[in-house]
Amino acid sequence: MSSIKNVPFFEYPRLWSDDRENLLKIIDNVSSTGGFIMQKALIEFESKLSDYTKSNFSVGVGNATDAMEIFLEAIGINNNDEIIISSHTMLATASAIKVNGGVPVPVDIGDDNLISAESIEDSITERTIGIMPTQLNGRTCDMERINKIASKNNLFVVEDAAQALGSKFKGRHAGTFGLASCISFFPAKVLGCLGDAGAVLTQDEDLYRRIYQIHDHGRDINGEVKRWGRNSRLDNLQAAILSSKLVNYEDVVNRRREIAQMYQERLEDLEQLKLPPAPNSDPNHFDVYQNYELEAENRDQLKDFLSQNGIGTLIQWGGMAVHQFTNLGFDVSLPKTENFFKKCIMIPMNIFINNSDVDYICEKIVSFYKNNV
């Protein structure tokens, strides 16, 4: 009988232990100057983030939820204005609309498990003002088609790109297709820090100024109060950590794509699985594999089997799509999304796993289906 390996879904302690000396130097460098809030390290990171994503402006904020709430407030929403979203997203995508007085309208997914363009068109009403696609699991939607729908119907586009830093569609970075977008730096993200953190990206200078004011108590870059605002500022310690990690970000992305290709080669022949698109399978898409989310027959039994063999898995968002939170007032049927959430499961995808871990995971998945046909 083969020994059981321990392959956690994500090893949070290693964010510190694997980079401890460098992190201690960063903390000492920032702390010794006393520049903890809105100082040099933050300014440098915002500039690097803009350069990397080809954005005109970046604003570091407390988290990606704040980022969405802030850019929607900056754009301006009237009570009961509708914004179309994918139901396959985190609840924060919807709540950011709700707290601004708008109405989130969750719609179905397409074959790629991202928001369906057909469902967008079918859901447009006279109250619709915008579309907020989620660039999910490190993959960017067909933004060309979504922007055409928006233009045809005089709607704005904003992006939940929390999971998609570095992902591209037709060579253009996720988060740069609409008026504004959010990026998350939650510890388990491809670019993650040691706590909650996020950013807003935008190309529009006037919108950037409003976003900046809102995130810092309504003050402009000169400290003059221009409007009511809030406090959602990315602190310098996290910004400095993120700047350091951004230097080698391409190496991290390439490693994730290598792992995705290994999964593809080992699991593609299992008819009980539907895998995410393989790297380089579509020249229009460059995926960063924030997560490796697949659809599996006998999903719950597979999850238990992998757990018994030391392999961590995750069913995203507790296995619930946004429209399934009926306590929030949603009352709609979205068949493709509902079917997806009966089968979806994520297996380990991060730089902490090695090739032998990937082999072990694949061996166990293959053995499960061979013994449960």
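The values are calculated or read from the model by the stated rules, or taken from the named source; none is laboratory data. All of these numbers come straight from a predicted model, not from anything done at the bench. Cβ sites come from the backbone with ideal geometry, for glycine too, and all protein chains shown count toward neighbours. Keep in mind that these areas ignore ligands, DNA and RNA; they rest on the heavy atoms of the full protein, side chains included. Shrake-Rupley method; radii C 1.70, N 1.55, O 1.52, S 1.80 Å.
Listed by chain and number, the lysines placed with their C-alpha closer than 29 angstrom to that of residue 152 are 54, 98, 168, 170, 336; residues fewer than eight positions away on the same chain are left out. Expressed as cubic angstrom per residue, what is the convex hull volume of the alpha carbon set of segment 295-342? Hull volume over Cα atoms, normalised by residue count, gives 76 Å³.
First check a/c for segment 128-251, with a ≥ b ≥ c the square roots of the eigenvalues of its C-alpha gyration tensor; if it is under 1.5, answer rounded, and if not, answer prolate when a/b is larger than b/c or oblate otherwise. Because a/c hits 1.5 or more and a/b fails to exceed b/c, segment 128-251 counts as oblate.
Given an 8 Å cut-off on Cα distances and at least 6 residues of separation, report the relative contact order of segment 265-364 as a percent. Present the calculation step by step, with values, prior to reporting the outcome.
Values: 90 pairs, mean separation 34.2, N = 100.
It comes to 34 percent, rounded to a whole number.
Dimensions of segment 210-369 along the principal axes, based on C-alpha atoms and rounded to the nearest Å, stand at 64, 45, 35, largest first.
Determine which aspartates and glutamates satisfy two conditions relative to residue 342: a Cα distance under 12 Å, and not lying fewer than 8 residues away in the same chain. By straight Cα distance, residue 342 reaches 295, 297, 300. Residue 323 contributes an accessible area of around 10 Å² to the protein surface, as traced by a 1.4 Å probe with all chains present.
Among the chymotrypsin sites (Phe, Trp or Tyr not before Pro) in segment 36-78, those placed in a DSSP loop whose Cβ has at most 16 other Cβ atoms within 10 Å are 36. Sites listed here are trypsin sites (Lys or Arg not before Pro) in segment 56-143 whose DSSP assignment is loop and whose Cβ has at most 12 other Cβ atoms within 10 Å, and the list is empty. Taking all protein chains together and a 1.4 Å probe, the residues 184, 244, 307 rank 307, 244, 184 from largest to smallest accessible area.
Largest accessible area first, the residues 367, 333, 58 order themselves as 333, 367, 58 under a 1.4 Å probe with ligands, DNA and RNA left out. Quick check on segment 251-320: take the gyration tensor over C-alpha atoms, sort the square-rooted eigenvalues as a ≥ b ≥ c, and tell me if it's rounded (a/c under 1.5), prolate or oblate. In terms of gyration-tensor shape, prolate.
Within the listed set 225, 157, 358, the residue fluctuating most in the Gaussian network model of the chain (springs between alpha-carbon atoms under 10 angstrom) is 225.
Per residue, the solvent-accessible area of the chain (1.4 Å probe, heavy atoms of protein chains only, all protein chains present) comes to 45 Å².
Would the chain count as rounded, prolate or oblate if I go by the C-alpha gyration tensor, calling it rounded below 1.5 in a/c and otherwise prolate when a/b exceeds b/c, oblate otherwise? Oblate shape, in that a/c is at least 1.5 and b/c is the bigger or equal ratio. A simple count of charges around residue 56, restricted to other residues whose Cβ falls under 9 Å of its Cβ and scoring Lys, Arg +1 and Asp, Glu -1, yields -1.
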